[in-house]
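FYI, it's all coordinate maths here, none of it is from the lab. On a predicted model such as this, the values are computed, not experimentally measured, just so you know. Positions of Cβ are backbone-derived with ideal geometry, glycine not excepted, and every protein chain shown enters the neighbour counts.
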Amino acid sequence: MMGVLALSFSWVLALVTVEQKLTTSMAAQTVADAVALAAVESSEAVAQQLVVLNQARIISLEVQNGADQGITVVVVIELDGVQARATASNVS
């Protein structure tokens, strides 16, 4: 009986760990998406503010000005040890 309880407890802990990692991963991706969009639509300063407000940090932020006068931003952020990458553009 104790073995079954111990095994059940181990499974519950494993599921909680997986849920926490998925939640952090989704949050990191959401922040990366918002930062990339903010950099395209507003400015890098606004993007930096979003990063600070979300207690994340920018690993890289690359702004590419295309020949067609559009802007493409590629950003990688880290939130709680999880990295996420996003790209945003105002090119039609």
I'd like to know which of Leu22, Val63, Ala38 lies farthest towards the positive end of the charge dipole of the chain, counting +1 on Cβ of Lys and Arg and -1 on Cβ of Asp and Glu. Leu22
State the percent of C-alpha pairs, over all pairs in region 27-71, separated by a distance greater than 11 angstrom. 65 percent
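At 222 nm, what value in deg cm²/dmol follows for the chain if DSSP H runs of at least 4 each add -39500 (n - 2.57) and the sum is divided by all its residues, to the nearest 500?
Roughly -19500 deg cm²/dmol at 222 nm, from the helical runs in the chain.
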Helix 2-41 vs. the chain, principal-axis angle (Cα, 0 to 90°, nearest 10): 10 degrees
Which residue fluctuates most in the GNM of the chain (Cα springs below 10 Å): Val52, Val74, Val63? Val52
Specify the angular offset, from 0 to 90 degrees and rounded to the nearest 10, of the alpha carbon long axis of helix 44-53 from the longest principal axis of the alpha carbons in the chain. 20 degrees
For region 69-77, just list the computed ³J(HN,Hα) in residue order, Karplus coefficients 6.51, -1.76 and 1.60, θ = phi - 60°, integers in Hz, with x standing in for Gly and Pro. 6, x, 10, 10, 10, 10, 10, 10, 10
So what are the radius of gyration and Dmax for the Cα set of region 2-89, in Å? 18.1, 68
Quick one: putting +1 on the C-beta of Lys and Arg, -1 on the C-beta of Asp and Glu, what dipole do you get for the chain around its Cα centre, in Debye to the nearest 20? 280 debye
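Would you work out the relative contact order for the chain, in percent, from Cα pairs under 8 angstrom that are 6 or more residues apart?
In percent, rounded to a whole number, it is 28.
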